[in-house]
1. Can you tally the net charge around Val79? Count Lys and Arg as +1, Asp and Glu as -1, for every other residue whose Cβ sits under 14 Å from the Cβ of Val79.
2. When the chain is fully extended, how far beyond the present Cα-Cα distance does Ala32 get from Asn6, taking 0.36 nm per residue of separation?
3. Semi-axes of the chain's equivalent ellipsoid from the Cα gyration tensor, sqrt of 5 times each eigenvalue, largest first, rounded to whole Å?
4. What relative contact order, as a whole-number percentage, does the chain give when Cα pairs under 8 Å and 6 or more residues apart are counted?
5. Checking the cross-link filter: which aspartates and glutamates have an alpha carbon closer than 19 Å to that of Lys107, excluding same-chain neighbours under 8 positions apart?
Amino acid sequence: MTLFRNLISWVRGLFSERRRRVEFIESDELPAQLVSRNLYVAREDGELWSAGMVCPCGCGRRLEVMLLKGVKPRWDLSVDKTGFPSLHPSVWVADGCRSHFWLRNGKIHWC
Ligand SMILES: [Zn+2]
């Protein structure tokens, strides 16, 4: 049943999402419109300010986390050699869609 198995993996491929890359913005704030599904990072003079992305659940909401040292709460951003970002700790939307996920190497891992 190779044909059947191929069909299953093709359908899975349609629903599994593309990995998110990181896009640095040379500014202390993020653009008003996040046009792609990438993770946007506001950076000024080499200092990371904040990261933002469109909620991966599909609700369309914009999520923003602080990366700046000394603020609370804040997140750690790491970017691997191929440009895929990870955030630590997990991102949790307290109201609305209540999404809770980890971003690891550009992939969403739901909690
Ligand atoms: Zn959402």
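Read-outs: derived from the displayed coordinates by stated rules, not from any lab. Model, not experiment: these values are computed from the prediction. When we count neighbours, we look across all protein chains shown, and the Cβ atoms used for this are built from the backbone with ideal geometry, even at glycine.
1. Values: positive: Arg19, Arg20, Arg21, Arg43, Lys81, Arg104, Lys107; negative: Glu23, Asp76, Asp80.
In short, +4.
2. Details: separation 26, 0.36 × 26 = 9.36 nm, distance 4.15 nm.
Length gained between Ala32 and Asn6: 5.2 nm.
3. Values: eigenvalues 171, 49, 33 Å².
Over the Cα atoms of the chain, the semi-axes work out to 29, 16, 13 Å.
4. On the way: 192 pairs, mean separation 19.4, N = 111.
With pairs under 8 Å counted, the relative contact order is 17 percent.
5. Partners within reach: Glu17, Glu23, Glu64, Asp76, Asp80.
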